[in-house]
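Trainee: I'd like to ask you about the structure that follows.
The values are calculated or read from the model by the stated rules, or taken from the named source; none is laboratory data. Just so you know, these numbers come straight off a predicted model, no measurement behind them. Please note: Cβ atoms are built from the backbone with ideal geometry, for glycine as well, and neighbour counts cover all protein chains shown.
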Amino acid sequence: MHDFNYKHNNLYCEAVSIEKLAEKYGTPLYVYSRNTLISHYRKIKEAFGSISPLICYSMKANSNLSICKALVKEGAGLDIVSGGELYRALKAGVSPKKIVYAGVGKTEKEIETAIKRRISFFNVESIPELRLINKVAGTLGTQQKVAIRINPDVKAKTHKYITTGHGENKFGIDFETAGKIFLERARYKNLNISGIHMHIGSQIVDSEPFIKAMKRVVGFIKYLETHGAEIRWLNIGGGLGIIYSKERPQTAKEYASAILPILKKIKANIIMEPGRFIVGNAGVMVTRVQYIKETPSKNFAIVDAGMNDLIRPSLYGAYHEILPVRSHSYLNSKDVRVFDVVGPICESGDFLGKDRKFVGLKEGDLLSVMGIGAYGSSMASNYNSRLRASGVMVDGSKVKLIRRRETYEDLIRAEL
Ligand code: PLP
């Protein structure tokens, strides 16, 4: 599943020792495997080969330029949700024709810039937004393609913060309202309303919610077609789950064989927006144990990475495997002790893992927090005025610094 493996009790990324990377670049350090990244993109591409979809990598998962560039070079488009992501997408060299733009709160300025840059689609999430895009396109004297994001009202069986296709979520438009939009599309003179978009949530491990949502959407497309509205594009979003601990998520092939029969019932071209599936297992975060603190109730391994570097455990109670960079499995098993792995931040919610077993763990040891490629560095912050960490990309035995560690000057650069 990924290219992080032990060789002689030392953890490697592809052909490079993680310990050596930590020595050279310091910790905390995000380490990405190029091979893992590209092979996951290819898994999706191959599984859906029979319909050649446009795969727009969802750059919110990890918007580092080198990561986006590597995928763009493979032929990927990009799914964006802000003016900042548009800026990054263009810097990554993607053709604007392969950019799709979602998000419930696009501003007039963001819409204007995206139209001027000639992006492919806006995925529209409300009628006021539709009106605004129509107005801006009119002012710019152009016709803009849009897709209506449907909220298919299905439960995605994932953490409540990352379900997006249930009626109570802020995303998308219900079928009835969407139907009216399509039937009254002539009102929006500057829009070409020719697509449907859906994205029901993230880290979805089985196909059932996808099947349910897609059947509903395909039924809706057929209804629209009988009423004279041709749907040329269907964007099925992202959401494929990955293994963090004991999950057994559907593979790309299983996902494809579950939904292709449904998608083949319509003529629309397919767009996909996977994020986590592509980059999730391609990254680890390396951190050093600063102190071992023993209290009457718990042992704490206090490390030099915190919730500002990886917020998923604090935000979603997410589980990430934590492995010693130098495996001590050969030591006497009496040395096994249980620790909470916590960061230096002044919040009790600042933890990377709870009740984790380690053999002979001591101050100065390196730990590797696994599966942080998606929603790791892209959700990092400067909380507690901590410097954002550096990142490297490993390609075989080659290493490239893809983000330098911030400095104290970076911290106050925007302050007046
Ligand atoms: N598309 C949209 C509209 C999203 O909101 C998201 C994630 O929130 C994605 C795609 C990517 O989801 P994932 O990383 O689960 O594939």
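Trainee: Can you tell me which condition Ala213 does not meet? The list is (1) in contact (Cβ under 8 Å) with a residue 40 or more places away in the chain; (2) assigned to a helix (DSSP H, G or I); (3) out of contact with any Gly (no Cβ under 7 Å at 6 or more places or on another chain), and all the others hold.
Mentor: Every condition holds for Ala213 apart from (3).
Trainee: Further, regarding this structure: Of all residues in segment 233-253, which are touching a helix residue (DSSP H, G or I) at 6+ places or on another chain (Cβ under 9 Å) and away from the ligand (no atom under 16 Å from the Cβ)?
Mentor: Lys253
Trainee: Kindly provide the set of residues from segment 190-199 that are part of a strand (DSSP E or B) and within 16 Å of the ligand (Cβ to nearest atom), ordered by number.
Mentor: Gly195, Ile196, His197
Trainee: I'd like the full set of residues that are touching a helix residue (DSSP H, G or I) at 6+ places or on another chain (Cβ under 7 Å) and either hydroxyl-bearing (Ser, Thr, Tyr) or more than 16 Å from Tyr316 (Cα to Cα) (or both), limited to segment 374-386.
Mentor: The answer is Tyr375, Asn382, Ser385.
Trainee: List the number of the failed condition for Val286; all other conditions in (1) crowded, with 24+ Cβ neighbours inside 10 Å; (2) away from the ligand (no atom under 16 Å from the Cβ); (3) within 23 Å of His159 (Cα to Cα) hold.
Mentor: Every listed condition holds for Val286 apart from (3).
Trainee: Give segment 122-149 a look and list any residue that's surrounded by fewer than 22 Cβ atoms within 10 Å (Cβ to Cβ) and in a strand (DSSP E or B), or say none.
Mentor: Scanning segment 122-149 gives a single hit, Lys145.
Trainee: Within the set of pairs 6+ apart or on separate chains, which have a first residue in segment 358-385 that is within 30 Å of Arg413 (Cβ to Cβ) and away from the ligand (no atom under 16 Å from the Cβ), a second that is β-branched (Val, Ile, Thr) and part of a loop (DSSP other than H, G, I, E, B), and C-beta atoms under 6 Å apart?
Mentor: So the pair list comes out as Asn384/Ile345.
Trainee: Take Ala147 and decide whether it is within 16 Å of the ligand (Cβ to nearest atom) and more than 19 Å from the chain's Cα centre (by Cα).
Mentor: Answer is yes for this residue.
Trainee: Looking for whichever is more than 22 Å from the chain's Cα centre (by Cα) and either under 30 Å from Met198 (Cβ atoms) or not charged (D, E, K, R) (or both) here; the options are His8, His2. Which one fits?
Mentor: His8
Trainee: Could you list, in sequence order, all residues of segment 321-373 that are surrounded by fewer than 20 Cβ atoms within 10 Å (Cβ to Cβ) and of a type in the set (S, T, N, Q)?
Mentor: Ser327, Ser329, Asn332, Ser333, Ser348
One line per residue, one yes/no per condition, for (1) among the β-branched types (Val, Ile, Thr); (2) more than 16 Å from the ligand (Cβ to nearest atom); (3) at pLDDT below 95; (4) surrounded by fewer than 18 Cβ atoms within 10 Å (Cβ to Cβ):
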site	(1), (2), (3), (4)
Gly172	no, no, yes, no
Tyr188	no, yes, no, no
Gly201	no, no, yes, no
Ile231	yes, yes, no, no
Pro261	no, yes, no, yes
Ile278	yes, no, no, no
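Trainee: Just to verify a result, which residue in segment 63-91, among those that are assigned to a helix (DSSP H, G or I) and among the hydroxyl-bearing types (Ser, Thr, Tyr), is surrounded by the most Cβ atoms within 10 Å (Cβ to Cβ)?
Mentor: Applying the filter and picking the extreme gives Ser66.
Trainee: Out of the residues in segment 237-248 that are within 16 Å of the chain's Cα centre (by Cα) and over 26 Å from Lys222 (Cα atoms), state the one that is surrounded by the fewest Cβ atoms within 10 Å (Cβ to Cβ).
Mentor: In this case the residue turns out to be Ile243.
Trainee: Please find, among Glu125, Glu85, Glu108, Glu129, the residue that is more than 18 Å from the chain's Cα centre (by Cα) and within 12 Å of the ligand (Cβ to nearest atom).
Mentor: Glu125
To keep it simple, each residue is scored yes or no on (1) modelled with pLDDT of 95 or more; (2) closer than 27 Å to Asn192 by Cα; (3) not assigned by TED's automatic domain parsing to the domain that holds Ser257.
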{"residue": "Gly26", "(1), (2), (3)": "yes, no, yes"}
{"residue": "Ala70", "(1), (2), (3)": "yes, no, no"}
{"residue": "Tyr87", "(1), (2), (3)": "yes, yes, no"}
{"residue": "Leu132", "(1), (2), (3)": "yes, yes, no"}
{"residue": "Leu140", "(1), (2), (3)": "yes, yes, no"}
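Trainee: So which strands (runs of 3 or more DSSP E) stay within segment 1-53 end to end and still have 2 or more residues that are free of Cβ contacts under 8 Å to residues at least 40 places away in the same chain and out of contact with any helix residue (DSSP H, G or I) (no Cβ under 9 Å at 6 or more places or on another chain)?
Mentor: In segment 1-53, the matching strands (runs of 3 or more DSSP E) lie at 4-7.
Trainee: Select, from Asn62, Asn35, Asn9, the only residue that is of a type in the set (S, T, N, Q) and within 14 Å of the ligand (Cβ to nearest atom).
Mentor: Within the list Asn62, Asn35, Asn9, the selection yields Asn62.
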